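Notes follow once the structure below has been shown.
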Amino acid sequence: MPLGGGNKCGRCQKTVYFAEEVLCDGRSFHRSCFLCMVCGKNLDSTTVAVHMDEVYCKGCYGKKYGPKGYGYGQGAGTLSMDKGESLGITHEEPAPHRPTSNPNPSKLAQKFGGSDKCSRCGKAVYAAEKVIGAGNSWHKAGCFTCATCNKSLESTTQADKDGEIYCKACYGKHFGPKGFGYGQGAGALSHTQ
């Protein structure tokens, strides 16, 4: 510390007394001199960026010393129009949009305009009435029923085989294990030859 009472300010080179001292990168500044070299904003420990003996706010530091070129922003919330021509980067114009002729639109396209078809009746199924079973869409009322006994189904009471839905009892009768000792219902024994 020099004989005048304090260190010299990194900006104005005048004496900095303890009550007004801000330390940064081993140097002292007056609070009123601790400003960005470019835009003049007041700085603090969270907004300062140091380069050599100069202090900057983070935004100005990024503009002056940060990466440049295509894809790099020029500070918070701004876009760069530099496409990198000076670096030899060339850009192709995107092809014009052509509507698809795909008869089976994606799930996103179905959500915004189209709809699934019911596997039972073949009519459109909209979100409010749709139930998924066996990988297909069904109307909740009237169509989401067992293929054999026509019993109304729930997602927990249905079983599927080859894209068709069944109640658990009918599924067991048609596709379950068969033979001596396998019951066909509550307490029933079946003997097949």
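Go through (1) open to solvent by 70 Å² or more (accessible area, probe 1.4 Å); (2) of a type in the set (A, V, I, L, M, F, W, C); (3) at pLDDT 85 or above one by one and return the number of the condition residue 146 breaks.
Single failed check for residue 146: (1).
So which residues in segment 123-142 are within 17 Å of residue 162 (Cα to Cα) and not hydrophobic (A, V, I, L, M, F, W, C)?
133, 135, 136, 137
Report, by residue number, each residue of segment 5-38 that is out of contact with any His (no Cβ under 8 Å at 6 or more places or on another chain) and open to solvent by 70 Å² or more (accessible area, probe 1.4 Å).
So in segment 5-38, the residues out of contact with any His (no Cβ under 8 Å at 6 or more places or on another chain) come out as 5-8, 10, 13, 15, 17-19, 23-38.
Result: 8, 13, 17, 18, 19, 23, 25, 26, 31, 32, 37, 38.
What are the residue pairs meeting all of these: first residue in segment 49-62, first residue under 8 Å from residue 38 (Cβ atoms), second residue assigned to a strand (DSSP E or B), Cβ atoms under 6 Å, and 6 or more apart or on different chains?
These pairs meet every condition: 56/49.
Only one of (1) exposed (fewer than 13 other Cβ atoms within 10 Å of the Cβ); (2) of a type in the set (Ser, Thr, Tyr); (3) at pLDDT 85 or above is not met by residue 155, so which one is it?
(3)
Identify all residues within segment 24-43 that are part of a strand (DSSP E or B) and either closer than 17 Å to residue 65 by Cβ or within 40 Å of the chain's Cα centre (by Cα) (or both); write none if there are none.
The answer is 24, 35, 42.
It is to be established whether one or more residues within segment 120-130 are open to solvent by less than 60 Å² (accessible area, probe 1.4 Å) and either touching a helix residue (DSSP H, G or I) at 6+ places or on another chain (Cβ under 9 Å) or modelled with pLDDT under 85 (or both).
No, every residue in segment 120-130 fails to be open to solvent by less than 60 Å² (accessible area, probe 1.4 Å) and either touching a helix residue (DSSP H, G or I) at 6+ places or on another chain (Cβ under 9 Å) or modelled with pLDDT under 85 (or both).
Consider segment 118-142. How many of its residues are among the aromatic types (Phe, Trp, Tyr) and within 17 Å of residue 156 (Cα to Cα)?
The number of residues fulfilling the criteria is 1.
For segment 39-66, enumerate the residues that are open to solvent by 90 Å² or more (accessible area, probe 1.4 Å) and touching a Cys at 6+ places or on another chain (Cβ under 6 Å).
41
The values are calculated or read from the model by the stated rules, or taken from the named source; none is laboratory data. The structure displayed is predicted, hence computed values, not measured ones. Neighbour counts run over all protein chains shown; Cβ positions are idealised from the backbone, glycine included. What goes into the accessible areas is simple: the full protein's heavy atoms, side chains included, and nothing from ligands, DNA or RNA. Shrake-Rupley method; radii C 1.70, N 1.55, O 1.52, S 1.80 Å.
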